[in-house]
1. Give me Met107, Met49, Met38 sorted ascending by neighbouring Cβ count inside 10 Å, so fewest comes first.
2. What relative contact order, as a whole-number percentage, does the chain give when Cα pairs under 8 Å and 6 or more residues apart are counted?
3. DSSP loop trypsin sites (Lys or Arg not before Pro) in the stretch 1-67 with at most 16 other Cβ atoms within 10 Å of their Cβ, which ones?
4. Expressed as cubic angstrom per residue, what is the convex hull volume of the alpha carbon set of the chain?
5. Evaluate the distance, in nm, between pseudo-label points positioned 7 Å from the Cα of Thr206 and of Glu160 along their respective Cα→Cβ axes.
6. In the stretch 136-168, whose amide N lies under 20 Å from the spot 7 Å out along Cα-to-Cβ of Glu121? List them in ranges.
7. Under 1.5 on a/c is rounded, so check that first for the stretch 20-70, then, if it is not, pick prolate when a/b is larger than b/c and oblate when it is not; a ≥ b ≥ c are the square roots of the alpha carbon gyration tensor eigenvalues.
8. Return the calculated 222 nm mean residue ellipticity for the chain, to the nearest 500 deg cm²/dmol, obtained by summing -39500 (n - 2.57) across DSSP H runs with n ≥ 4 and dividing by the residue count.
Amino acid sequence: GSAVSLQNVHKTYHLGEPVHALDGVSLEIPRGSYTAIMGPSGSGKSTLMNLVGCLDTPTSGTVVVDGRDVGSLSDAERTTLRGTTVGFVFQTFNLMPRLSALENVAMPQLFRNIGRAERRERASALLERVGLADRADHLPNELSGGQRQRVALARALVNEPELILADEPTGNLDTETGANVLELFAEFHEAGTTMVVVTHERHVATHAERIVHLLDGTLEDVESLEESDGTD
Ligand code: ADP
Ligand code: ADP
């Protein structure tokens, strides 16, 4: 079945002249698949991600995430679906400035019925996985850009979401840190997580199984990639 299904989705913003950010997009994202989304600035990539991530609803058409029609859910129901199903890795890390790296990573687990000790243990294990075990007690402004990105990544992964949405996840990382992030994505994909990654970098997109190309709010092309052995 599909993790996400879009049927003839339109999204129109009204700021004076209407802007057709998405103009009739239909797309199936199979469970466990790895999809990259590419397209020029303004082509609708962020709008698409916001819909897939249940942050917004379509103007018309249907968006079904994990079997639920997002357009028919209340705000509270969408928030719950997001919190339990989706992990976001966005460019703006949105870390809580007064919380340590460990506390930031532990926070999404407050949605769940897990005790404090276990929350901290899981957060600590993930920080170790992203190479920040020695920074657990640092505040975000005591970390470099790359380190903050990795804290945000650990936070997105801590609830083991079924669907990971990443917007330019390697955008402001050095080569090595970026490669580590892509390696983590590959591990989650192998474990069965559905991955959707927006990128303007072809070498990042080719880690996916297929590339969805957007142009002016429409789906220009879906490019299938050869099964990669990871050595490209
Ligand atoms: P991309 O992520 O590919 O750069 P976006 O989805 O951000 O594209 O934007 C698609 C179009 O929708 C652009 O013309 C953009 O200006 C417009 N747009 C996006 N978000 C909003 C908004 N909140 N209000 C008005 N227009 C918007
Ligand atoms: P990265 O490649 O991860 O972005 P940087 O080269 O920016 O790393 O940072 C190198 C080191 O400097 C890191 O160990 C980081 O902890 C430290 N550092 C960077 N910015 C700050 C800051 N604002 N306050 C304290 N330490 C910092």
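We did not get these values from a lab; they are worked out from the coordinates using the rules stated. Computed from a predicted structure; not experimentally measured. Cβ coordinates were reconstructed from backbone atoms using ideal geometry, including for glycine residues, and neighbour counts include every protein chain displayed.
1. In order of increasing Cβ crowding within 10 Å: Met107, Met49, Met38.
2. Relative CO of the chain lands at 27 percent.
3. Arg31
4. Numbers: hull volume 31.3 nm³, N = 232.
Spread over its residues, the Cα hull of the chain gives 135 Å³ apiece.
5. Those two pseudo-labels are separated by 3.3 nm.
6. Only 136-137, 155, 157-161 fall inside the zone, counting backbone N under 20 Å.
7. oblate
8. Using -39500 (n - 2.57) per qualifying helix, the result is -9000 deg cm²/dmol.
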